[in-house]
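J.: Structure incoming, see below.
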Amino acid sequence: MVKNARAFVTGQLNDFAQVGFRAADPGTFIVTLEYPLPQFLLYAASGPWIPINPRVLNLHGKAWTSAGLFEGNGPFVLSEWRPHQRIVVKRNPRFHDSAAVKLDEIHFVACDNGDTEDRAYRAGQLDITMSVPYAKLDAYSKDRPGELFHAPLAETRYLAFNTQRPPLNDPRIRRALSLSINRLQLTDKILRGGHKPAVRFLPPALRGAESSVHAIAASNPDVALAKKLLEESGFPEGRGFPHLELTTWVNSPVTEAIQQMWKHELGIEVGLGLREARVHVAALQAGNYDIGFITAIPDVPDASNMLEDFVSNSPSNYSRWADEQFDRLIEESRTSGDRLKRVELLKTAENRLLEEVPVTPLYFNARNWLMSPRVRHWQHDALWTRFYLNVELRDN
């Protein structure tokens, strides 16, 4: 989005002075954009734009993030960082709004899994959890309703189809697999934690006004149409359909349920593969998979941030899907300075994604967590960001 930034990164331009960044004076930073961008401030407030101290970086190199070396301008300073164990931060006495910093320290504790975290909370070792095991949601809802919390997230859990591997290169096959999934059963019978069936790819927080729902992503399955498409593709009742594998990074009952739906409704046998998270993502990037369970979380609250993952040359286009119409719509949305026109272009691009089915959305994720009654003024947003200003602990 910054003038000449892409050209500089790709090597087409070698003079950084021509990139749209300059300091007019020691207190003024000027950014020149490649084209009008109404949503620019959303990106300027995101993680990649957070300033770092160049003196510290030059002095310590890659070690600049270590405890004792790191310097920031937030409400807390880094005190301790033990990889895979814990991170400790302490109050920053130089923070500009010191009155809003109520806590002396925060300890972020690493847990091996959800059950370990749950035990630590019940033992009083944690004040807040990141999640709650699915199997324990009902029990906490009944026994500790004042400590169980739910919140929707701007996050879509979906399946990516490897469109370079037969028979998934046939959109009829992908459509049949999508139409046979009962999304309402996934959210209401299996997850039971405030998750919503994904009738589109973009979560409600990013979608804006509702538009027509495409059958390909409807929460209710259309098994009859799915069987018809399968037969048209040469696999009546699933006969002769090759063995595929559905891989994931998390041991979720959702993938097992989808496996059973495909077997029961279409007569298709699909295996399940569980990989370590980094291995799973690397396999998706390399195209070493059939069907992948994956999550889409935007970096900023902007619809294009999610949809741009599916343009032809995107490294996050795990399906290896290439569509000129989709690419054109995304490019037009990038350069459109008209906010309303941009919204319509992105909706049309999303419709195209749903029609061609390189991916199929399953559900919009929700966060379920436990929080001690002594925690006050807790704040978070739909992008998993947590805010610690004004948070305090009270025993009464």
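Any read-out appearing in this document is the output of simple, stated calculations on the displayed coordinates, not a laboratory observation. Predicted model only: the values in this text are computed from it and were never measured. Virtual Cβ from ideal backbone geometry, glycine too; neighbours counted across all protein chains shown.
J.: In degrees, nearest 10, range 0 to 90: what is the angle between the Cα axis of helix 339-356 and the longest Cα principal axis of the chain?
T.: Orientation of helix 339-356: about 40 degrees from the principal axis.
J.: Then there is this: What residues have an amide H closer than 5 Å to that of ARG367, excluding those fewer than 5 places away on the same chain, when H is modeled at 1.01 Å from N in the peptide plane?
T.: The list, which skips near neighbours in sequence, is ALA151, LEU153.
J.: Taking LYS227 as the anchor, which lysines have their alpha carbon closer than 22 Å to its alpha carbon, excluding any fewer than eight residues away along the same chain?
T.: Output for LYS227: LYS263.
J.: Let me ask something additional. Mind jotting down a quarter of the surface of the convex hull over the alpha carbons of the range 63-170, in square nanometres, one decimal?
T.: 12.3
J.: Quick one: grab the alpha carbon gyration tensor of the range 38-105, order the square roots of its eigenvalues as a ≥ b ≥ c, and give me rounded if a/c is under 1.5, else prolate or oblate depending on whether a/b is larger than b/c.
T.: Verdict is oblate for the range 38-105.
J.: Helix 277-286 versus the longest principal axis of the chain: what angle, 0 to 90°, nearest 10, using Cα atoms?
T.: Approximately 60 degrees, to the nearest ten.
J.: Among 76-87, 126-137, what's the highest-first ranking by average C-beta atoms within 10 angstrom per residue?
T.: 126-137, 76-87
J.: When the chain is treated as a GNM, springs tying every alpha-carbon pair under 10 Å, which of LEU370, LEU206, LEU41 comes out with the largest mean-square fluctuation?
T.: Evaluated over the chain, the most mobile residue of the options is LEU41.
J.: Cα centroid distance between the range 262-305 and the range 178-201, in Å?
T.: 16
J.: I'd like the orientation of helix 253-266 relative to the chain: the angle between its Cα long axis and the longest Cα principal axis, in ° from 0 to 90, rounded to 10.
T.: Tilt of helix 253-266: around 20 degrees.
J.: Of the candidates ARG157, ARG367, ARG339, which one comes out as most mobile in a Gaussian network treatment of the chain with C-alpha springs shorter than 10 Å?
T.: Result: ARG339 has the largest fluctuation of those listed.
J.: Once the Cα gyration tensor of the range 247-396 is diagonalised, what are the square roots of 5 times its eigenvalues, in whole Å and ordered largest first, as equivalent ellipsoid semi-axes?
T.: 32, 27, 14
J.: Still on this model: Determine ³J(HN,Hα), in whole Hz, for all residues of the range 134-139 in sequence, where each value follows from phi through the Karplus function 6.51 cos²θ - 1.76 cosθ + 1.60 and θ = phi - 60°; x replaces Gly and Pro.
T.: Those phi angles translate into 3, 5, 10, 4, 5, 5 Hz.
J.: Another question, if that's okay. How compact is the range 152-366 by the rule of thumb for globular proteins, expressed as Cα Rg over 2.2 N^0.38 Å?
T.: 0.97
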